[in-house]
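Enquirer: Take a look at the following structure, please.
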Amino acid sequence: MTSKSPMLGLRLPTDPRWVKLVKTNISEILTDHAWCEQKAASNAISTIVRYPELTDLVEELTKIAREEMEHFGMVVERIKERGYTLGHERKDSYVADLAKFIKRGGSREEQLVDRLLFAAMIEARSCERFRMLSEKIDDSELAMFYRKLMISEAGHYTTFIRFARQYGGNVNVDARWQKFLDYEAKIIRNYGKKETMHG
């Protein structure tokens, strides 16, 4: 588990045992995934609220918020198709741990960069998990579904990175991103043990 994952620069790949856990509880992973999409939409909206003057950012994040809610609906449809029910929202400990790395205070530019890199990091890890599901899960329909979502999430990742660089000002965005990757590699060691999207 020390090899570098080629997926979007992640330092550490997901423990392969995670997929085995997911296979034993598809209803749980689908419910958790649905709420992850809702939270991603909410995060995009909250960034719009904080930076309404950045018109092109607002436009792109509006698209992303719509896409994330479309994904939410698509996951809910698959829950229904399999005779499951959308469960209550799950706590995402991984995201909470990752959020601890966001700088408190600092300039407005620094705060924006960290918000965008935080979102990019979540998209990168989600993308890697979607790829694992698309390659390893036995359900062919779900495998194809996660393949499509992987491509979409990769697009969101590049959008967040691009805007961080565009509006970073005096912030060394690439150096900060490397630190995010280093930090994420430390916390991800504690995950891959639950049948949740980031668990």
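Enquirer: Suppose each label sits 7 Å from its Cα in the direction of the beta carbon; what would the residue 84-residue 148 distance come out to in nanometres?
Expert: 1.8 nm
Enquirer: Relative to the present Cα-Cα distance, how much length would full extension add between residue 50 and residue 189 at 0.36 nm per residue of separation? Show your work: numbers first, answer last.
Expert: Numbers: separation 139, 0.36 × 139 = 50.04 nm, distance 3.24 nm.
Working it through step by step, the gained length comes to 46.8 nm.
Enquirer: What distance in nm lies between label points placed 7 Å from Cα along the C-beta direction at residue 93 and residue 27?
Expert: My value for the distance between the label points is 2.3 nm.
Enquirer: Report the full-extension gain for the segment residue 104 to residue 162: residue separation times 0.36 nm, less the Cα-Cα distance, to one decimal in nm.
Expert: Gain on extension, residue 104 to residue 162, equals 18.7 nm.
Enquirer: Using the charge dipole of the chain (Lys, Arg: +1 at Cβ; Asp, Glu: -1 at Cβ; taken about the Cα centre), state which of 117, 183, 88 has its Cα farthest towards the positive end.
Expert: Comparing the listed Cα positions along the dipole, 183 ranks first.
Enquirer: Check every DSSP H run in the chain and write down those whose alpha carbon atoms cover 24 angstrom or more along the long axis and whose mean Kyte-Doolittle hydropathy is 0.0 or greater.
Expert: Values: long enough: 26-50 (36 Å, 0.08); 55-81 (39 Å, -0.45); 108-136 (42 Å, -0.39); 140-166 (39 Å, -0.11).
Those that clear 24 Å and a mean of 0.0 are 26-50.
Enquirer: Would you mind checking 63/193; 23/100; 148/194; 103/186 for any pair whose Cα atoms are more than 28 angstrom apart? Working shown, then result.
Expert: Numbers: 63/193 33 Å; 23/100 31 Å; 148/194 23 Å; 103/186 18 Å.
Beyond 28 Å between Cα atoms: 63/193; 23/100.
Enquirer: What is the packing order of peptides 109-119, 18-28, taking the mean over residues of other C-beta atoms within 10 Å and listing the highest first?
Expert: Answer by packing, highest mean first, reads 109-119, 18-28.
Enquirer: Just the number: Rg to Rh for the chain, Cα atoms, Kirkwood Rh, two decimals.
Expert: Checking Rg against Rh, the ratio lands at 0.96.
Enquirer: While we're here: Going by average Cβ density within 10 Å per residue, which order do the peptides 157-164, 41-48, 74-81 take, highest to lowest?
Expert: 157-164, 41-48, 74-81
Enquirer: Another question, if that's okay. Please give the contour-minus-distance gain from residue 38 to residue 63: 0.36 nm per residue of separation, less the Cα-Cα distance, rounded to one decimal in nm. Don't skip to the end; give the middle numbers.
Expert: Details: separation 25, 0.36 × 25 = 9.00 nm, distance 1.38 nm.
Going from the current span to full extension adds 7.6 nm.
Enquirer: So how far apart, in nm, are the two label points at residue 170 and residue 141 if each is 7 Å from Cα heading toward Cβ?
Expert: The two pseudo-label positions are separated by 5.6 nm.
Each value in this text was obtained by applying a stated rule to the coordinates, not by laboratory testing. Note that the coordinates shown come from a computational prediction; the quantities given were computed from them, not determined experimentally. Backbone-built Cβ (ideal geometry, glycine too); neighbour counts: all protein chains shown.
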